[in-house]
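This report concerns only the one structure given below.
The values are calculated or read from the model by the stated rules, or taken from the named source; none is laboratory data. Only a predicted model underlies this, so the values are computations on that prediction, with no experimental measurement involved. Cβ coordinates were reconstructed from backbone atoms using ideal geometry, including for glycine residues, and neighbour counts include every protein chain displayed.
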Amino acid sequence: MINDANPIKQKKTSVLVVEDDKFLQKILIMKFAAEGFDVRGASDGEEAIRMALAEPRPELIVLDLILPKKNGFEVLAELRTDAQGKNVPVVVLSNLGQDEDIRRARDLGAIDFHVKSNLSIQEVVQKVRESFARFLAEKGKKT
């Protein structure tokens with residue numbers, strides 16, 4: 001019997017969601033997974049760095065800034081000093097939204113910054129998807 005199903009599976013984009021609020025993290029993971037992403041979660045800055053630099057490495061990180069152990073700014077700074085970590089796109093999702101916080105996150109290499117209290121869960125996923133698509137398009141122009 002011939003199986004007509006497409007034998008080539010489309011690769012899911014792997015995302016690391018770094019959020020210390022367990023309830024919000026669970027909702028974000030469920031929503032990203034429902035939207036076709038391969039998702040893992042981290043609850044503090046140290047765990048985020050460990051997971052970001054371990055195999056399989058995420059292709060995208062969604063990062064809160066207010067975290068236990070190491071804050072999001074420290075996570076960004078440490079990722080940027082690692083040969084592999086420096087190339088992983090990071091979208092900041094935080095309730096910090098002052099211009100100084102946004103500028104600091106971008107200076108540390110974040111590709112985008114969203115204030116989570118301003119967005120629904122669906123909007124978060126859509127904004128992250130758009131940010132990642134822009135990143136990939138820009139990366140494609142540079143190669």
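Return a yes/no flag: does the stretch 69-82 have any residue that is small (Gly, Ala, Ser) and either at pLDDT below 95 or under 17 Å from residue 124 (Cα atoms) (or both). No, because not a single residue in the stretch 69-82 is small (Gly, Ala, Ser) and either at pLDDT below 95 or under 17 Å from residue 124 (Cα atoms) (or both).
Filtering the stretch 44-71 to residues that are of a type in the set (D, E, K, R) and touching a Ser or Thr at 6+ places or on another chain (Cβ under 8 Å) leaves 57, 59, 64.
Just checking, which of 123, 55, 47 is surrounded by fewer than 17 Cβ atoms within 10 Å (Cβ to Cβ) and either within 14 Å of the chain's Cα centre (by Cα) or within 22 Å of residue 21 (Cα to Cα) (or both)? Exactly one residue qualifies, and that residue is 123. You will find that of 111, 102, the residue that is within 13 Å of the chain's Cα centre (by Cα) and of a type in the set (A, V, I, L, M, F, W, C) is 111 and no other. For first residues located in the stretch 67-95 and in contact (Cβ under 8 Å) with a residue 24 or more places away in the chain and on the phi > 0 side of the Ramachandran plot, partners that are in a loop (DSSP other than H, G, I, E, B) and surrounded by fewer than 20 Cβ atoms within 10 Å (Cβ to Cβ) and lie 6+ apart or on another chain with Cβ distances below 7 Å form the pairs 69/44. When 126, 122 are screened for being in a helix (DSSP H, G or I), over 23 Å from residue 75 (Cα atoms) and free of Cβ contacts under 8 Å to residues at least 60 places away in the same chain, only 126 passes. Scanning for something in contact with a Pro (Cβ under 7 Å, 6 or more places away or on another chain) and at pLDDT 95 or above, does the stretch 105-115 turn up at least one residue? Yes - at least one qualifying residue is present in the stretch 105-115.
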